[in-house]
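Structure first, then comments.
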Amino acid sequence: MTTNLLVPFDGSPAASRAVDLLAGYAGEAAALAAVLLNVQTRPVSLWPGAGLSAGAIDAALLDEARRTLEPAALRLRSAGIAAEAQVRLGMAADVILREAAGKADAVVMGTRGAGALHGFALGSVALRVAHGNGPPVILVKPEDRLPGGLGKRLRVLVALDGSTPALRAAERLVAWRGWLGELEVHLAFVQRPLTVLEQVLPPHDDVLGQWSSQEGREATQAARELFRSAGIDQHLHLTVGDPALELRTLAAQTSSDLVALGTRGLGAAHHALVGSVALKTAALSGVPVMLVS
């Protein structure tokens, strides 16, 4: 079965790094099909006296988009991956979501860019795409270490908080073994630190449960059973602190190739992996990050 990937591309270092990720695919190249997408945004207004029609400007923008996509398409085709180039006019996040709907199994995109993505931080375009009820989004930064065995063997750090999106991230990994390769997963549950009040007051059952590791084991139980039933090697890590910082540290310690997490969770009181935490994790991680909503 072919996995269809949508790859927004604007020629920036981040977008080029996302292409590098796919071009280095170590599995059967025929298992992947990529649609490279360049989105051009029409200018809000024209310089007075420019004398250019809207149609002429659209044509020029689309021509520029096609030229931008040519090197990336050639790179993927040279790696044996079927690559189609598409150009569109509009707002980047809206167009990406529309093109991904019902067509793409995943979106693979850089977290910084120019052109259509210029001026949009990870929290606006990339997270709007990740939160847009579309397919999972794999984010790649220019400095990310890329996996050498994607398609053959992949070590993944899976962030869990007991939420449905976090479990969906685990389910997606299991379903994607065909193109990701043999998986080794490290399951991470990050406990919140004790408050000052909790440190000085007599312990209650909820605090004792948290610090006896019970909370972490309960939050990860469904995912552990999922991976166990699929015959996937797994390791459980229970840690305490800021989720994004802890995930970055664990990813480095375990030499993980990918960090996978849900983008909505249980709420700030539980350090759930939502909005700003997902953004911070993607920004701090030294490897690509997969967000599942």
- For segment 139-150, in residue order, the Karplus 3J(HN,Hα) values (coefficients 6.51, -1.76, 1.60; θ = phi - 60°; whole Hz; Gly and Pro = x) are 9, 10, 9, x, 8, 5, 6, 9, x, x, x, 4
- Rounded to the nearest 0.05, what FRET efficiency is calculated for ALA82 and ARG145 with R0 set to 45 Å and r the Cβ-Cβ distance? 0.95
- Query: Size of segment 222-265 along its principal axes in angstrom, Cα-based, largest extent first?
  - Reply: 30, 25, 18
- Item | Contour minus Cα-Cα distance for THR41 and THR3 (0.36 nm per residue) | 10.8 nm
- Item | Peptide ranges 16-24, 55-63, 245-253 listed from the most packed, as the mean C-beta count within 10 angstrom indicates | 16-24, 245-253, 55-63
- Message: Under the 0.36 nm per residue contour assumption, what length would be gained going from the current alpha-carbon distance of ASP233 and MET91 to full extension?
- Response: 46.9 nm
- Query: Nearest 0.05, what FRET efficiency do ALA26 and ALA252 give at R0 = 25 Å with Cβ-Cβ as r?
  - Reply: 0.70
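Throughout, read-outs are computed from the coordinates displayed, never taken from laboratory work. Please read all numbers here as calculations on a predicted model, not as lab measurements. Virtual Cβ from ideal backbone geometry, glycine too; neighbours counted across all protein chains shown.
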